Amino acid sequence: MSALAPVERPVRLPRGRGLLAPLAPAALLGVVLLVAWQLVVIVGGVQAYLLPAPSAIARVILSDAPVLLSAARPTATAVVLAVLAGTVLGVLASVIIAMFEGLARVVLALVALAGCAPIVALAPIFNAWFGSTSIASKVAVATLSVTIPVVVGTTRGLLTVSETHREYMQSVSASRLQLLLHVRLPGALPALFDGLRVGATLAVIAVIVSEYFGGTSNALGVLIANTAAMSRFDQTWAAVFAASLLGLALYGLVAVVERLAVPWRSATLG
Amino acid sequence: MSTSTASTSTSTAIHLAGISKTFSTSSGDVVALDDIDLDIPQGAFVSLLGPSGCGKSTLLRVIGDLVTPTAGTVQVAGTSAAEARRTRQYGMAFQAPGLMDWRTVRRNVELPLQVQGVGRAERRQRADEMLELVKLTQFADHRPRQLSGGMQQRVAIARALAMQPRVLLMDEPLGALDEMNREHLQRELLRIWRATGTTVVFVTHSIPEAVFLSTEVVVMSPRPGRIASRIPVDLPYPRTDETRLTDEFQAAERHVRERLHAVLEPSTAGL
Ligand SMILES: Nc1ncnc2c1ncn2[C@@H]1O[C@H](COP(=O)(O)OP(=O)(O)OP(=O)(O)O)[C@@H](O)[C@H]1O
Ligand SMILES: [Mg+2]
């Protein structure tokens, strides 16, 4: 009997290499740009206070590594707290917004509009509210920066339900809660992560910029502001480099969590 | 209210009286169904046959309480269609498989049971039984998108059967299958139907399929959707592949084909 059963094979999906493959050409381009930068500075005789050579910056990174690491800690803490809080708040807000289907589109448009405003510009105000040296003001600004794109993405995802899925759930007399849990929320996950990726980038910017206006004594943003004020630009560049690494690491972390949470998406993008 | 079906069943499973459905669209009203009366006896296997756009899917949705008719009444097992849906009497498979990407094949089949509150272990066992039936056991842990269209449709059938529904509403569920799987599932459908006593309403475009499966074939005519003729199929069950070769089968097929062509000609002549 099984000999008669038609042989069918699942489509084979490439796994794992999807994340790293596009990085190779990017890394190559990065190296080329660094070499060009080095040449411009040396050949052009650019003054170090205007633009230090990558080699000079690398030297500072190595010698100041302990300082940079300890500066990265409060900054990273604020960013991670903000991403977590922003995601939780964003998803909760989205569920509430999506419950009122009639109003949801209007509210969504308003939130998207708010997202066009530079939230980070609120940093001095939040510093005044929560105290400029506390981590709370940084977390607050960054949380707001994360929440908005997460709400926009997630709410759109929650509102977009395929007619066949809706009809199927209706046919088995599923409750609104069951529709939310089994269809709307899982269906919204890809859009949630689209929002979260934008939000994570904004969170790093928000924390660093609000640290410019004062922060826990040794945060990365404070270091950048102080060394720039003292014209120690090689140190400033080293700190900017550390901040970039922080952003990159966060982006990678979000991508890994997305792979785990939305396995069917990677199955189609291959 | 008595009808001329060949069924020996006494009670009426589905009772449609004066059903009309008009869709209002931006380009005017569309009369999808016009004054349809139909009684389907308990345990019948009724196929709806007719040209594209004649309202077969709409009629199925009206029975399943997914579309509210503009006029007329629907009764299912003595209650309203809404009550039947609320008490989960229906198993439905639509024209599109409509599986959920975020669930594995097995968890898709489990979904109606989960909605019903069936426990985890029993859910899994029933889903595995259904997957066995549609010959997809080895794909239980795959994602729907990793399956072909025909395989997805089989998962949708397994999902519809999982609740062991009293009324099975199927909209061209075998349309996307190859001939071999199609005939296999026709036999399985008949077996399940006979074992469970489920009432089946089945939309198809295939005349041989309608004849092979049904106790009665209902031919619909388009614009507006009406019932053109009802043809009892008096072939004895169990029907097997040999049945398809008999003179009686081919005579029934011919008969249905003539009725279908009678429906098609006036509309094409009118164009
Ligand atoms: N939601 C809707 N809104 C507007 N018009 C609709 C809607 N659903 C169906 N119709 C119209 O009603 C008519 C019947 O549609 P229906 O889907 O029931 O046909 P069908 O017999 O199932 O066709 P097919 O064999 O192609 O599936 C068509 O003219 C269609 O355009
Ligand atoms: Mg249809």
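Open to solvent by 40 Å² or more (accessible area, probe 1.4 Å) and more than 16 Å from ligand 1 (Cβ to nearest atom): is that true of residue B:145 in this structure?
On the way: open to solvent by 40 Å² or more (accessible area, probe 1.4 Å): yes; more than 16 Å from ligand 1 (Cβ to nearest atom): yes.
For residue B:145, the condition - open to solvent by 40 Å² or more (accessible area, probe 1.4 Å) and more than 16 Å from ligand 1 (Cβ to nearest atom) - is met.
Is there a residue being touching a residue at least 60 places away in the same chain (Cβ under 8 Å), more than 14 Å from every other protein chain (Cβ to nearest Cβ) and within 14 Å of ligand 1 (Cβ to nearest atom) anywhere in segment B:93-115?
no
Could you look through segment A:130-184, keep only residues that are basic (Lys, Arg) and farther than 30 Å from residue A:217 by Cα, and pick out the one that is nearest to the other protein chains (Cβ to nearest Cβ)? Give the derivation first.
From segment A:130-184, those basic (Lys, Arg) are A:138, A:156, A:166, A:176, A:184; that's our starting set.
Filter again for farther than 30 Å from residue A:217 by Cα, leaving A:156, A:166, A:176, A:184.
Details: A:156: 17, A:166: 9, A:176: 12, A:184: 11 Å.
Selected residue: A:166.
Confirm whether residue B:128 is under 23 Å from residue B:184 (Cβ atoms) and either open to solvent by 60 Å² or more (accessible area, probe 1.4 Å) or small (Gly, Ala, Ser) (or both).
Details: under 23 Å from residue B:184 (Cβ atoms): yes; either open to solvent by 60 Å² or more (accessible area, probe 1.4 Å) or small (Gly, Ala, Ser) (or both): no.
Considered against the rule, which asks whether it is under 23 Å from residue B:184 (Cβ atoms) and either open to solvent by 60 Å² or more (accessible area, probe 1.4 Å) or small (Gly, Ala, Ser) (or both), residue B:128 comes out as no.
Of all residues in segment B:203-217, which are away from ligand 2 (no atom under 14 Å from the Cβ) and touching a residue at least 40 places away in the same chain (Cβ under 8 Å)? Give the derivation first.
Here is the first cut: in segment B:203-217, the ones away from ligand 2 (no atom under 14 Å from the Cβ) are B:207-217.
If the condition is that a residue be away from ligand 2 (no atom under 14 Å from the Cβ) and touching a residue at least 40 places away in the same chain (Cβ under 8 Å), then B:207, B:208, B:209, B:210, B:211, B:213, B:214, B:215, B:216, B:217 are the ones that fit.
For segment B:47-74: of the residues being assigned to a strand (DSSP E or B) and either in contact with a helix residue (DSSP H, G or I) (Cβ under 7 Å, 6 or more places away or on another chain) or near ligand 1 (Cβ under 8 Å from one of its atoms) (or both), which is most open to solvent (accessible area, probe 1.4 Å)?
Narrowing segment B:47-74 to residues assigned to a strand (DSSP E or B): B:47-49, B:71-74.
Among the residues that remain, those that are also either in contact with a helix residue (DSSP H, G or I) (Cβ under 7 Å, 6 or more places away or on another chain) or near ligand 1 (Cβ under 8 Å from one of its atoms) (or both) are: B:47-49, B:74.
Values: B:47: 0, B:48: 1, B:49: 1, B:74: 21 Å².
Filtering segment B:47-74 for residues that are assigned to a strand (DSSP E or B) and either in contact with a helix residue (DSSP H, G or I) (Cβ under 7 Å, 6 or more places away or on another chain) or near ligand 1 (Cβ under 8 Å from one of its atoms) (or both), the one most open to solvent (accessible area, probe 1.4 Å) comes out as B:74.
Which count do you get for residues in segment B:27-46 that are in contact with a helix residue (DSSP H, G or I) (Cβ under 9 Å, 6 or more places away or on another chain) and either near ligand 1 (Cβ under 9 Å from one of its atoms) or without any contact (Cβ under 8 Å) to a residue 40 or more places away in the chain (or both)? Even if it seems obvious, please write down each step before you answer.
Taking segment B:27-46 and keeping what is in contact with a helix residue (DSSP H, G or I) (Cβ under 9 Å, 6 or more places away or on another chain), we get B:32-33, B:36, B:38, B:40, B:43, B:45.
Restricting the remaining residues to those that are either near ligand 1 (Cβ under 9 Å from one of its atoms) or without any contact (Cβ under 8 Å) to a residue 40 or more places away in the chain (or both) gives B:32-33.
The number of residues fulfilling the criteria is 2.
With the requirement that a residue be in a strand (DSSP E or B) and not hydroxyl-bearing (Ser, Thr, Tyr), what does segment B:195-215 give you?
Pass one, segment B:195-215, residues in a strand (DSSP E or B): B:199-203.
Listed by number, the residues that qualify are B:200, B:201, B:202, B:203.
Looking at segment B:182-202, is at least one residue open to solvent by less than 10 Å² (accessible area, probe 1.4 Å) and within 16 Å of ligand 2 (Cβ to nearest atom)?
Yes: one or more hits.
Given the criterion assigned to a loop (DSSP other than H, G, I, E, B), aliphatic (A, V, I, L, M) and within 24 Å of residue B:257 (Cβ to Cβ), identify the matching residue among B:189, B:177.
Numbers: B:189 fails: assigned to a loop (DSSP other than H, G, I, E, B).
Of B:189, B:177, the one residue that is assigned to a loop (DSSP other than H, G, I, E, B), aliphatic (A, V, I, L, M) and within 24 Å of residue B:257 (Cβ to Cβ) is B:177.
Give me the residue from segment A:245-254 that is open to solvent by 20 Å² or more (accessible area, probe 1.4 Å) and of a type in the set (A, V, I, L, M) and, out of that set, farthest from the other protein chains (Cβ to nearest Cβ).
Looking at the filtered set, the residue picked out is A:245.
Identify the residue in segment A:215-244 that is free of Cβ contacts under 8 Å to residues at least 24 places away in the same chain and of a type in the set (A, V, I, L, M) and, among all such residues, is least open to solvent (accessible area, probe 1.4 Å). Don't jump to the end; show me each part of the working.
Narrowing segment A:215-244 to residues free of Cβ contacts under 8 Å to residues at least 24 places away in the same chain: A:224-230, A:232, A:236, A:240, A:244.
Next, only the ones that are of a type in the set (A, V, I, L, M) stay: A:224-225, A:228-230, A:240.
Working: A:224: 14, A:225: 31, A:228: 36, A:229: 85, A:230: 123, A:240: 56 Å².
Among those residues, the one meeting the criterion is A:224.
Report the residue count in segment B:35-50 for those that are under 10 Å from the mean Cα position of the chain (by Cα) and within 16 Å of ligand 2 (Cβ to nearest atom). Spell out the reasoning first.
Of segment B:35-50, the ones under 10 Å from the mean Cα position of the chain (by Cα) are B:45-48.
Cutting the leftovers down to within 16 Å of ligand 2 (Cβ to nearest atom) gives us B:46-48.
Residues that pass the stated criteria total 3.
Looking only at residues in segment B:51-74 that are more than 14 Å from chain A (Cβ to nearest Cβ) and either at positive phi or more than 17 Å from the chain's Cα centre (by Cα) (or both), which one is farthest from ligand 2 (Cβ to nearest atom)? Outline the logic, then answer.
Step one: list which residues in segment B:51-74 are more than 14 Å from chain A (Cβ to nearest Cβ), which gives B:51-56, B:59, B:69-74.
Imposing the further condition that a residue be either at positive phi or more than 17 Å from the chain's Cα centre (by Cα) (or both) reduces the set to B:53, B:55, B:69-73.
Numbers: B:53: 8, B:55: 8, B:69: 17, B:70: 19, B:71: 21, B:72: 20, B:73: 23 Å.
In this case the residue turns out to be B:73.
Would you mind stating whether residue B:140 is among the hydrophobic types (A, V, I, L, M, F, W, C) and either within 14 Å of chain A (Cβ to nearest Cβ) or within 16 Å of ligand 1 (Cβ to nearest atom) (or both)? Walk me through it before giving the result.
Details: among the hydrophobic types (A, V, I, L, M, F, W, C): yes; either within 14 Å of chain A (Cβ to nearest Cβ) or within 16 Å of ligand 1 (Cβ to nearest atom) (or both): yes.
Yes, satisfied.
The values are calculated or read from the model by the stated rules, or taken from the named source; none is laboratory data. No experiment lies behind these values; they were computed from the predicted model shown. Here Cβ is always computed from backbone atoms with ideal geometry, including for glycine, and neighbour counts include all displayed protein chains. Side chains included, ligands, DNA and RNA excluded: accessible areas come from the protein's heavy atoms. Shrake-Rupley method; radii C 1.70, N 1.55, O 1.52, S 1.80 Å.
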